[in-house]
1. For the range 101-173, report the convex hull volume of the alpha-carbon atoms normalised per residue, in Å³, without decimals.
2. Pull up all non-local amide H partners of Arg56: gap of 5 or more, or a different chain, and H-to-H distance under 5 Å with H placed in the peptide plane.
3. Please give the length that would be gained between Ala146 and Ala213 if that part of the chain were fully extended, namely 0.36 nm times their separation in residues minus their C-alpha to C-alpha distance (nm, one decimal).
4. List Arg130, Arg65 from most exposed to least, where exposure is judged by having the fewest other Cβ atoms within 10 Å.
5. Which order results if Phe124, Phe135, Phe50 are arranged by neighbouring Cβ count within 10 Å, fewest first?
6. To make sure I understand, if each residue's beta carbon is the centre and we count other beta carbons within 10 Å, what order do Asp218, Asp48 fall in, fewest to most?
7. How far, in nm, would the chain grow between Glu201 and Leu57 when pulled straight, counting 0.36 nm per residue and subtracting the alpha carbon separation?
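Coordinate-derived values only; no laboratory data. This one's a predicted model, so the numbers in the text were calculated from it and none came from an experiment. All Cβ positions, even for glycine, are placed from backbone atoms using ideal geometry, and neighbour counts span all protein chains on display.
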Amino acid sequence: MLLSRLYLPVPMHPPVNFDSVTLDAMLSDWLRALGEFSVEAVVVLGPDPFADANQRLVLALHPPRLIEGARALAESADFGAPWRDSDAPLVAWQHIAKSAYETHSRWRRLWLGHGYQSVVRVEFPLPAGRAFECFMFSPREYHDRADAASLAWSVLNLWPLLRRTLVEARGVLSPRERECLALAFGGLTARQSAERMACSERTVNYHLANAMAKLKVDNKLAAVQRACWIGAL
């Protein structure tokens, strides 16, 4: 198995400007921008806010026909989930075909079956051992650390926009609910939040109560944590 890890910062490259407003279009544009690295597939995984720390969901995928491989990756225990409980770096890449676990890993067999040889993974840590993870698959092997570093930098440039688009696509919380939770996350009381938002304290508590109901928790702190897990904060 070849498993390489990188520490950031990585080499500086100009960010790509994306005008696409839909998630599918954004991912498609991103893949075209990564053409020089032969990246042909992207998977974004995130924590299931209503399950334990090892449960992950497929939040984004391109091309869509690879959904079975993406789901197998989300369910795997040998690449991804255990890293969140370790001191592993933010970025890693792997030659899938050379993995010692190849014959025991469904996700590797599936991705190899589609002709992919390498994967670069970038993790964005979240509270309580969760993380967002972005996987970029290529049909060629990466032998130069600079390639993986450049891919990592591409993800870091795009991630703020991608994260906002994911939140909008999932549509769990309203803008006002997110605003109230963000102010609570910043340490403001309901009264202070009301002053900041130019509304009544009752209105703030109303939005917070709705957010807690949607996130299936019974207190503001837990709502803030789960809002982080879905990328809303």
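1. Working: hull volume 10.5 nm³, N = 73.
In the range 101-173, the Cα convex hull volume per residue is 144 Å³.
2. Amide H neighbours of Arg56, under 5 Å, 5+ apart: Asp48.
3. Values: separation 67, 0.36 × 67 = 24.12 nm, distance 4.59 nm.
Stretched out fully, the Ala146 to Ala213 stretch lengthens by 19.5 nm.
4. On the way: Arg130 22, Arg65 10.
Listed from fewest to most nearby Cβ atoms, that is Arg65, Arg130.
5. Working: Phe124 17, Phe135 23, Phe50 12.
Placing the least packed residue first, the sequence is Phe50, Phe124, Phe135.
6. Numbers: Asp218 9, Asp48 16.
Final ranking by Cβ density, sparse to dense: Asp218, Asp48.
7. Numbers: separation 144, 0.36 × 144 = 51.84 nm, distance 3.54 nm.
So the chain would gain 48.3 nm between Glu201 and Leu57.
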